[in-house]
Amino acid sequence: MTLQVVQLTDIHLCDDPNQVLLGVNPEQTFDRVLLNLQQQPLPDLLLLTGDLTHEGTKSAYRRLRQKISALGVPAYYLAGNHDQTEEMIEVLGRENLGLNRSVILGGWHFVLLNSAVPGRVEGHLGSRTLHWLDKTLKEYPDYPTLVALHHPVLPIGCPWLDRLGLEDREDFWLICGNFPQVKGVITGHAHQEHEVFRFTRKGMIRCMVTPSTCAQFKGNSAEFAIDNLPPGFRRLSLEKKGKLTTRVQRLD
């Protein structure tokens, strides 16, 4: 059996569904992404990796919940720097959140981390989350593992964005590098596609940054710049023996 997973990230639904951000309407582009999913075989799991809303309002989370519920696919929601955790819990339900959560599904172990820090753009895990990550990986050594969080865990070649990534990423890698079952890390935040392999003492880990479902940032840019690439999302195929294949799919 191969587990089909779709990652949606940086959705930025606004309190006003007609609001335009950076030249696009996030509501409309997200609806188009969901329509695209409905026109193909649905995945087994959705992972929504942060910046679900732009202002963190309950009305935006309610619309998000309604849209995802209509698909009928299990989903977990992670927080980004634009999200409000209390509102997420109230509207989306704690059981659906990936705020440091471990999930076993289809022979894979999903580790869902909360890298968001209230009031800050940069990401940070902190000692408590890092301790939990180490403990959780030790508990499931025999399951191939995919780690998901909002902030990139490696530089992506955009200096202005790299300053806003995961601050304690070296501590993150000191832990993940000890566990050969970790096959991949998926993140968002950067509004662009980027992929690189991290070589550790125990093997090789695929690090994937996924485009936003709304506006895109220009890759390899020293300063903030908008790209004209269309919205996108990521598909992952996970085989029980640990093989991971992936591709980014963009709207026409």
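Just give me the residues in segment 197-252 being charged (D, E, K, R), in a strand (DSSP E or B) and touching a Pro at 6+ places or on another chain (Cβ under 7 Å), in sequence order. Let's see the steps before the verdict.
First, pick out the residues of segment 197-252 that are charged (D, E, K, R): 198, 201-202, 206, 218, 223, 227, 234-235, 239-241, 243, 247, 250, 252.
Filter once more, keeping what is in a strand (DSSP E or B): 198, 206, 227, 234-235, 239, 247, 250.
Within segment 197-252, just R250 meets the criteria.
Considering only residues that are surrounded by fewer than 18 Cβ atoms within 10 Å (Cβ to Cβ) and touching a residue at least 60 places away in the same chain (Cβ under 8 Å), which ones fall in segment 1-24?
M1, T2, Q4, L21, L22, G23 - these are the residues of segment 1-24 that are surrounded by fewer than 18 Cβ atoms within 10 Å (Cβ to Cβ) and touching a residue at least 60 places away in the same chain (Cβ under 8 Å).
Mind listing just one residue for me: the one in segment 105-121 that is under 15 Å from the mean Cα position of the chain (by Cα) and assigned to a loop (DSSP other than H, G, I, E, B) and, of those, surrounded by the most Cβ atoms within 10 Å (Cβ to Cβ)?
S115
Take segment 232-252 and flag every residue that is among the aliphatic types (A, V, I, L, M), under 19 Å from T187 (Cβ atoms) and in contact with a Lys or Arg (Cβ under 6 Å, 6 or more places away or on another chain).
L244, V248
Looking at segment 184-196, which of its residues are out of contact with any Asp or Glu (no Cβ under 9 Å at 6 or more places or on another chain) and either buried (at least 17 other Cβ atoms within 10 Å of the Cβ) or modelled with pLDDT under 95 (or both)?
Residues satisfying the conditions are G184, V185, I186, T187, E193, H194.
When the residues of segment 199-245 are filtered to those that are of a type in the set (S, T, Y) and without any contact (Cβ under 8 Å) to a residue 40 or more places away in the chain, which remaining residue is farthest from G23 (Cα to Cα)?
Per the criteria, the residue is T200.
List the residue pairs whose Cβ atoms are under 6 Å apart, where the first residue sits in segment 106-117 and is touching a residue at least 40 places away in the same chain (Cβ under 8 Å) and under 19 Å from K241 (Cβ atoms), the second is part of a loop (DSSP other than H, G, I, E, B) and among the basic types (K, R), and the two are 6 or more positions apart or on different chains.
Within 6 Å, the pairs are G107/K240.
Scan segment 135-147 for residues that are assigned to a helix (DSSP H, G or I) and surrounded by fewer than 16 Cβ atoms within 10 Å (Cβ to Cβ) and jot them down.
K135, K138, E139
Name the residues in segment 46-96 that are out of contact with any Asp or Glu (no Cβ under 6 Å at 6 or more places or on another chain), surrounded by 22 or more Cβ atoms within 10 Å (Cβ to Cβ), outside any helix (DSSP H, G or I) and of a type in the set (A, V, I, L, M, F, W, C), would you?
L47, L48, L78, A79 - these are the residues of segment 46-96 that are out of contact with any Asp or Glu (no Cβ under 6 Å at 6 or more places or on another chain), surrounded by 22 or more Cβ atoms within 10 Å (Cβ to Cβ), outside any helix (DSSP H, G or I) and of a type in the set (A, V, I, L, M, F, W, C).
Over 18 Å from L113 (Cβ atoms) and not basic (K, R): is that true of M204 in this structure?
yes
Working carefully through the options S102, S127, find the one that is hydroxyl-bearing (S, T, Y), surrounded by fewer than 19 Cβ atoms within 10 Å (Cβ to Cβ) and either part of a loop (DSSP other than H, G, I, E, B) or without any contact (Cβ under 8 Å) to a residue 24 or more places away in the chain (or both).
Details: S102 fails: either part of a loop (DSSP other than H, G, I, E, B) or without any contact (Cβ under 8 Å) to a residue 24 or more places away in the chain (or both).
Every option except S127 fails the conditions.
On the basis of being in contact with a strand residue (DSSP E or B) (Cβ under 8 Å, 6 or more places away or on another chain), under 30 Å from F224 (Cβ atoms), without any contact (Cβ under 8 Å) to a residue 60 or more places away in the chain and aliphatic (A, V, I, L, M), does L52 make the cut?
Working: in contact with a strand residue (DSSP E or B) (Cβ under 8 Å, 6 or more places away or on another chain): yes; under 30 Å from F224 (Cβ atoms): yes; without any contact (Cβ under 8 Å) to a residue 60 or more places away in the chain: yes; aliphatic (A, V, I, L, M): yes.
Yes; evaluated as a whole, the condition is true for this residue.
If you check Q181 against the conditions, is it polar (S, T, N, Q), surrounded by 16 or more Cβ atoms within 10 Å (Cβ to Cβ) and over 20 Å from V33 (Cβ atoms)?
The answer is yes for Q181.
Can you confirm whether T210 is among the hydroxyl-bearing types (S, T, Y) and within 16 Å of C158 (Cβ to Cβ)?
yes
Please enumerate the residues belonging to segment 170-185 that are outside any loop (DSSP other than H, G, I, E, B) and closer than 14 Å to P144 by Cα.
Once the filter is applied, which keeps residues that are outside any loop (DSSP other than H, G, I, E, B) and closer than 14 Å to P144 by Cα, segment 170-185 yields C176, V182, K183, G184, V185.
The values are calculated or read from the model by the stated rules, or taken from the named source; none is laboratory data. Everything numeric here is computed off the predicted structure, so don't read it as measured data. Because the Cβ atoms are built from the backbone with ideal geometry, glycine has one as well, and the counts that use them run over all protein chains shown.
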